[in-house]
Amino acid sequence: MDHENEPRPSRVRTLALGLLKATVSIGLLALLLLRVDVARLWSYARNASIVWLAGALGLYLLMVLASAWRWGVLLRAQHVRLPFTALTSSFLVATFFNNFLPSNIGGDVVRALYLAEGHRPGVAINSVVFDRVSGLVLLMALGAAALIAFPQYGLPWPLTASLVAGGLVLVLGWWMCPRLVRLLPVGNRLRRQVETELGPFWRDRVLLARVAVASLAFHLTQVGVQYVLARAAGVALPFSYCLVLHPVISVMTAVPLSVAGIGVREGGYLYFLGRINVDDSIAVTLGLLWFAVTVMAGLVGGALFLASGAALPRVYPRPAAPADASAA
């Protein structure tokens, strides 16, 4: 019996997981469309201000620049210096892949591949991991601070308490991570990675401060995109409420339960904007406009990907073809 053409278990599992996520996204969108007035939703989307949408796209691209600068700071700490244009290009290509890969993890893998092509794979992985985790920590800290600073929006106390507690635990855990891993056995892989490979990041306080500033600029720009998109949809959403809703929705869409956060993101907007009496159709429109901006930015990355040959880098080179003995 020939087993060569049988699908590998890992590929079958990946395909099944992808189909499950697609089903979740389609199911959530179907439920949302049953709840809202589709005709009004289409009217709001069609009449969205082009000027405000262009402003949102400009802010999103500015956000990419802040991300590339933050990543460059981390790489220089590992004695890797790459042109700012190369880092920006990698982020844009990662945005392109994020549009159809699970959550933001797919884009992180793409970034690591581009860096690992010319450097040690460990450097690529460590920089991307620390970049992602530090960004998440600052995002949760921003969300927790906004919930404490603006209690007038009256979110359910279990939600507020869990988000604030989660933010504090994440910040403290990240700050104390080099000490906490000492509780693990000496030969533990996670402890070894934190102490030897990621340790220099935590020991450099100036580096941490610069990364924190870059992360804060990144997330505030994202909040600004939410404010501008609301104006594009015809809603004067308070900037303070954007500070509250954006971190929560970002964390929701980062969980790999759907394809590119589709359905989860729109449901988040529906919940949070419904609490301040924004029309359901406008709320879902805002989620779709946010997705449209990420797609437009991703198209820039897609163009760069095609221009570079439409092939992802390989961590390890392909084995050389055996020499033809008859040619000797």
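The values are calculated or read from the model by the stated rules, or taken from the named source; none is laboratory data. If you're wondering where the values come from, they're calculated on a predicted model, not measured in any experiment. Heads up, the Cβs are rebuilt from the backbone with ideal geometry, glycines too, and the neighbour counts pull from every protein chain shown. Please note that ligands, DNA and RNA were not included when accessible areas were found on the heavy atoms of the full protein model with its side chains. Shrake-Rupley method; radii C 1.70, N 1.55, O 1.52, S 1.80 Å.
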* To do: Round to the nearest 0.05 the FRET efficiency obtained for Val80 and Ile276 when R0 = 51 Å and r is the Cβ-Cβ distance.
  => 0.65
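If I stretch the segment between Ser43 and Ala30 completely, what's the gain in nm (0.36 nm per residue apart, minus their alpha carbon distance), one decimal? Walk me through the numbers before you get to the answer.
Working: separation 13, 0.36 × 13 = 4.68 nm, distance 1.84 nm.
Computed gain between Ser43 and Ala30 is 2.8 nm.
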* Stretched out fully, how many nm does the piece from Val255 to Leu216 gain, at 0.36 nm a residue minus the Cα gap? -> 11.9 nm
* Pop a pseudo-label 7 angstrom from the Cα along the beta-carbon direction at both Leu299 and Thr14 and give the gap in nm to one decimal. => 2.8
* Structure fact -> Taking Cα atoms, the helix 280-307 axis meets the longest principal axis of the chain at an angle in degrees (rounded to 10) of 30
* How big is D for the range 200-262, in µm² s⁻¹ as a whole number, if Stokes-Einstein is applied with the Kirkwood radius of its Cα pairs at 37 °C and 0.692 mPa s? -> 241
* Among 153-160, 42-49, what's the highest-first ranking by average C-beta atoms within 10 angstrom per residue? -> 42-49, 153-160
* To do: Could you work out the local net charge near Pro256, counting Lys and Arg as +1, Asp and Glu as -1, over the other residues with Cβ closer than 14 Å to its Cβ?
  => +3
* Asked: Any idea what angle helix 84-98 forms with the longest principal axis of the chain, computed on alpha-carbon atoms, 0 to 90 degrees, nearest 10?
  -> 70
* **Estimated FRET transfer efficiency (Ala165, Leu62; beta-carbon r; R0 30 Å; 0.05)** => 0.40
* **Probe 1.4 Å, accessible area per residue of the chain, Å²** => 53
* Asked: For the chain, what does -39500 (n - 2.57) per DSSP helix run (n ≥ 4), summed and divided by total residues, give at 222 nm, in deg cm²/dmol to the nearest 500?
  -> -24000 deg cm²/dmol
* Structure fact -> Taking Cα atoms only, helix 105-116 is inclined relative to the longest principal axis of the chain by an angle, in degrees rounded to 10, of 40
* Asked: What does the highest-first list of 14-26, 137-149 look like by mean Cβ count within 10 Å?
  -> 137-149, 14-26
* Inter-label distance, nm, simple model (7 Å from Cα along the C-beta direction), Phe239/Gln152 -> 1.5
* May I ask for the Rg/Rh ratio of the chain, computed from Cα atoms with Rh as the Kirkwood radius, given to two decimals? => 1.01
